[in-house]
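Laboratory data are not the source of any read-out in this text; all were calculated from the coordinates shown. Keep in mind that what you see is a predicted model, and the values were worked out from it rather than measured. All Cβ positions, even for glycine, are placed from backbone atoms using ideal geometry, and neighbour counts span all protein chains on display.
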Amino acid sequence: MSKIWKRISTMSVVTSAAQEESQRDLQFHARVISTFFMALLIISFPLLLFFCLHRRQKANKESSSLRLAPGPPGLPIIGNLHQIRGLPHRSLHQFSLAYGPLLRLRLGSVTAIVVSSPALARDIFKTNDLALCSRPNLTTWRLLSYGGLEAALSPYSPRWTRARRLLVVHFLSPRPVRGLSASREEEVRTLMNTVAAAAASGRTVNLSKSLICLVCSIMCRAVFGKRFAPAGECSMNEIGGMIFLTAELLGEFVAGDFFPWAHRWLNAVTGVQGRLERNFKEWDNLFEREIKERERTGTGGGDDGTYASVLVRLLREEQGNNEGGLTRDGVKSLLLVKKHDLMFGATGTTAATMGWAMAELLRTPRALARVQEEVRRVAAGKSYVDEGDLQRLSYLHAVVKEILRLHPVSPLLLPHECQQHCKVAGYDVAAGTRIYINAWSIGRDADAWDKPEEFRPERFEGSSVDYLGQCFELVPFGSGRRICPGISMSESVMWLTLANLLHGFDWALPAGVRREDLDMSEVFGLVASKKEPLVLIATPAKLL
């Protein structure tokens with residue numbers, strides 16, 4: 001027994017020594033690898049710097065004969081990226097005050113111009129619409145549009161034109177929008193019941209969250225014909241998390257988009273590509289599941305009016321079309337369009353705009369009293385406001401316009417890209433230049449607006465200014481070929497929800513919170529919403 005024990009002890013000593021030797025080898029190899037990569041970095045940085053300086057010198061030589069818009073000087077490689085701090089639309093607004101409403105920047109290796117006045121917006125959207133209506137081929141957009149099949153984010157092309165036409169004809173004309181009115185009204189009533197239950201139990205209402213839940217449910221019913229949340233509840237559904245992650249990805253800084261020549265390894269190193277692919281896979285699985293369900297049950301005839309059913313019917317009709325007909329990925333991309341319309345047009349534009357509207361009304365008791373008087377007079381004798389009453393609510397419409405001016409939820413509109421050389425305000429704009437429209441800055445143009453920092457819905461009374469794309473002092477949805485196609489859907493949800501919230505309840509801030517102290521700071525992304533959720537006390541109104 002002692003011999004066996006001695007042998008085991010000897011083996012353990014040998015094993016321990018082997019493990020120590022193996023650990024020393026691993027440490028040695030780690031130091032070698034670390035040294036190698038450090039040396040590679042030291043060698044490659046000067047080469048990278050030389051390459052960028054050479055490209056800049058070449059670009060300067062080529063542009064010496066051009067009249068370029070003014071802008072701040074930048075640094076090698078990164079250009080002006082380091083100068084855009086905090087909220088980009090506010091930072092760019094300060095630049096425009098110093099250099100003018102047409103600002104030229106170098107964002108990494110990308111040339112960009114920023115437009116900050118109504119006159120220049122007209123030049124972009126109307127005079128030069130065809131030359132400037134394309135979209136940049138950004139990493140996030142490229143993947144989420146199925147390689148350019150989607151109508152909102154894709155570059156300008158015949159394929160984009162066809163997708164846009166299909167979208168407008170089948171989904172966004174007045175008839176299909178009206179066809180969804182019953183589901184919109186039902187979801188708004190569900191929201192009202194949820195608020196009433198909170199009021200009855202003495203709880204505060206997180207209105208920001210409730211509004212997002214509402215439009216998520218509307219989106220699901222419009223696209224898929226069903227709710228993903230429990231029946232009768234205004235609560236977040238399984239798609240809510242996917243929507244927020246997509247919005248976050250679409251709004252975040254992606255280094256590869258500003259250094260296209262190095263986008264592959266930059267996106268891999270920063271982890272953007274992995275997050276994008278996982279989110280894309282979630283949406284693709286959802287769309288594939290819904291398409292298969294309709295193919296299996298034969299509900300692709302479009303009888304239920306949902307986007308998914310109409311698209312599956314169109315897919316079936318165009319099977320075997322070898323001339324660019326609708327494909328399976330095309331169906332998914334158009335489903336993605338409708339998700340975008342309601343995520344940015346409803347979940348984004350509608351939910352955020354309604355949150356800003358309620359916050360500004362709470363800070364302005366005079367305006368709150370007036371809009372409630374109008375709604376309750378128009379809907380007198382009713383428990384709910386229906387869509388037939390909405391056209392008579394002129395002051396409510398003025399409130400919405402003023403909010404879209406003061407708090408545009410997409411303060412920097414989705415960027416455009418120049419597809420052929422043109423001139424804007426006498427300055428040369430080369431093909432490939434990226435164009436940003438600062439809607440936040442345009443809404444504060446002192447030449448277009450009296451006291452632009454004040455919330456004054458009355459400025460729109462008797463005014464012909466609207467947000468439908470022809471009035472360039474108010475462009476929250478854009479204009480021209482790239483105007484948001486979901487405006488009618490968005491405003492229907494917005495008007496109906498606000499009207500009912502103001503009709504059915506009296507609203508107040510929680511105890512101890514003064515209206516002057518209400519936090520109105522914003523968080524920037526593809527959609528700029530209130531940084532702090534709007535938490536209010538609701539009291540059922542005493543209706544006549």
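On the beta carbon distance between ILE84 and VAL535, with R0 = 35 Å, the FRET formula returns roughly 0.65. In this structure the amide hydrogen of GLU522, modeled in the peptide plane, comes within under 5 Å of the amide hydrogens of LYS531, none closer than 5 places in sequence on its chain. Each residue of the stretch 187-203 was assigned a 3J(HN,Hα) from its phi angle through the Karplus expression (A = 6.51, B = -1.76, C = 1.60, θ = phi - 60°), giving 5, 5, 5, 4, 4, 4, 5, 5, 5, 4, 5, 5, 5, 5, 8, x, 8 Hz with x at Gly and Pro. Arranged from fewest to most other beta-carbon atoms within 10 Å of their beta carbon, MET494, MET192 become MET192, MET494. Taking 0.36 nm per residue of separation and subtracting the current Cα-Cα distance, fully stretching the chain between ALA200 and GLN391 would add 65.6 nm. The stretch 475-544 and the stretch 431-456 have Cα centres lying 21 Å from one another. I'd like the distance separating the alpha-carbon centroids of the stretch 71-137 and the stretch 147-217, in whole Å. Taking the Cα centre of each part, the stretch 71-137 and the stretch 147-217 sit 31 Å apart.
Please give the contour-minus-distance gain from ARG275 to TRP261: 0.36 nm per residue of separation, less the Cα-Cα distance, rounded to one decimal in nm. Write out the running numbers ahead of the final one.
Working: separation 14, 0.36 × 14 = 5.04 nm, distance 2.09 nm.
Length gained between ARG275 and TRP261: 2.9 nm.
Within the stretch 120-142, which residues have the backbone N less than 17 Å from the label spot 7 Å out from THR161 along Cα→beta-carbon, could you tell me? Under cut-off, by backbone N: 129-135. A Stokes-Einstein calculation at 25 °C with viscosity 0.890 mPa s, built on the Kirkwood radius of the stretch 132-540 over Cα pairs, returns a diffusion coefficient of 110 µm²/s. Exposure proxy shown here: for THR349, THR497, the number of other Cβ atoms within 10 Å sets the order, fewest to most, as THR497, THR349. Each pair of Cα atoms in the stretch 393-515 enters the Kirkwood radius, and Stokes-Einstein at 10 °C and 1.306 mPa s then converts it into a translational diffusion coefficient of 95 µm²/s.
With both labels modelled 7 Å from their Cα along Cα-to-Cβ, the THR297 to SER383 distance reads 3.0 nm.
Net charge of the neighbourhood of THR140, taken over other residues with C-beta under 9 Å away and scored Lys/Arg +1, Asp/Glu -1, is -1.
Gain in length, LYS423 to ARG514, computed as 0.36 nm per residue apart minus the alpha-carbon separation, to one decimal in nm? Mind dumping the intermediate values first?
Details: separation 91, 0.36 × 91 = 32.76 nm, distance 5.03 nm.
Residue separation times 0.36 nm, minus the Cα-Cα distance, leaves 27.7 nm.
Would you mind ranking TYR467, TYR99 by Cβ crowding within 10 Å, fewest neighbours first?
By the 10 Å Cβ count, ascending: TYR99, TYR467.
Say the cut-off is 18 Å between C-alpha atoms; which of LYS382/LYS542; LYS226/LYS292; LYS401/LYS451; LYS209/LYS382; LYS126/LYS423 go over it? Write down the numbers at each step before the final one.
On the way: LYS382/LYS542 12 Å; LYS226/LYS292 16 Å; LYS401/LYS451 16 Å; LYS209/LYS382 27 Å; LYS126/LYS423 13 Å.
Where the Cα-Cα span goes over 18 Å, the pairs concerned are LYS209/LYS382.
Once the C-beta distance of LYS451 and THR127 is scaled by a Förster radius of 30 Å, the resulting FRET efficiency is 0.50 to the nearest 0.05. Hey, how much of the P(r) for the stretch 79-175 falls beyond 22 Å, as a percent of Cα pairs? More than 22 Å apart: 48 percent of the Cα pairs in the stretch 79-175.
Near LEU543, once Lys and Arg are set to +1 and Asp and Glu to -1 for all other residues with Cβ below 13 Å from its Cβ, the sum equals +2.
Here the Karplus relation 6.51 cos²θ - 1.76 cosθ + 1.60, evaluated at θ = phi - 60°, turns the backbone of the stretch 251-262 into coupling constants of x, 7, 6, 10, 4, x, 6, 9, 9, x, 6, 10 Hz, with x for every Gly and Pro.
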